[in-house]
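Written out below as structure tokens is the structure these notes cover.
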Amino acid sequence: MRIVELIIDEDAELYGIDAISLVDRPAIELDFIALKEQRLEFAEADKEKRILIGPALVPDKPIYRKNGEEEFYVYFSKGTVRKASELYLKHGNQAKHTLEHEHTIHGLTVVESWIVENKEQDKSALYDLDVPVGTWMVAVKVDNEAIWSEWVKEGKVKGFSIEGYFVDKMKKNTEDEMLAELAKAIVKADKRTKTGTRVVMESYDDYPDAVKNNAKRGIELNEKNGNKCATQTGKVRAQQLANGEPLSLETVKRMASYLQRAEEYYDEGDMTSCGTISYLLWGGKAGLRWAAAKLSQELMKELKKEFSTKPEN
């Protein structure tokens, strides 16, 4: 049975943790991963204050999944667990909760969130919660009377379970490699018509928010770094992308060319590296995906036009 590492892809339209659910039995929702199998029972930290403490996500633990006839296991690394916890707070999802992954409920708020660094000295040990280092722990304040009386006190729910969007790490890496090769091939492609060099006047501003956000992130990081990273062209490109300005086809080609060449210098774990900052300034991996797709569309248009004008033999 295969084992799949799940990661967070910040270049995707949807990523990270959407909500934390109160659950009893395991179940999987269609459009997100609801990891009830990873549930450990929470503790009633304070019955008067109505605060529940428990793990939201546990690292390096194989979790059984079934998709149709296929059976497999998934797991999260410590780095992904930490990133998920950070994004959950960064996106302001502390008050987003569901009941058994089916009903949105109000009146619950995450009031504490932390990563277990030392099992013996961690707060979780006070409540006899035996969780490994790297576990994401949460404390949830329950101000919803019905949920507290009818579900928590009655023992109908016993733990937390996340709702979020993740991707298969191996599949994503393969897709990224394919896109990089496609971009490389397209940039080198000879776009000529029967009468000579094709002049293109189109411009494009339909790149996703992930591209704009990467550029903005690159600008922020470069400012913290004294603006010493990237050429003037790279800095101008970042401003264009951050502002959502239209790009010519030639600019899209340069974007794809740079991003597929510079990807090797991008280090997600080092946000002070000029290689990382420069890559983000040009739109990052989301920029490469968009540029490759846009150039692929244009190449297909050109090929169709060329074949449609060829005389029949």
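The values are calculated or read from the model by the stated rules, or taken from the named source; none is laboratory data. Source: prediction; values computed, not measured. Positions of Cβ are backbone-derived with ideal geometry, glycine not excepted, and every protein chain shown enters the neighbour counts.
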Residues in the stretch 29-61 that are assigned to a strand (DSSP E or B), hydrophobic (A, V, I, L, M, F, W, C) and modelled with pLDDT of 80 or more total 5
Any chance you could count how many residues in the stretch 117-136 are touching a helix residue (DSSP H, G or I) at 6+ places or on another chain (Cβ under 6 Å) and modelled with pLDDT of 90 or more?
2
When residue 82 is evaluated against the numbered criteria (1) under 16 Å from residue 131 (Cα atoms); (2) crowded, with 18+ Cβ neighbours inside 10 Å, which criterion, by number, is the only one it fails?
(2)
At least 1 residues that are touching a Gly at 6+ places or on another chain (Cβ under 9 Å), closer than 23 Å to residue 15 by Cβ and touching a residue at least 12 places away in the same chain (Cβ under 8 Å) in each: list the strands (runs of 3 or more DSSP E) lying fully within the stretch 62-131 that qualify.
97-99, 108-115
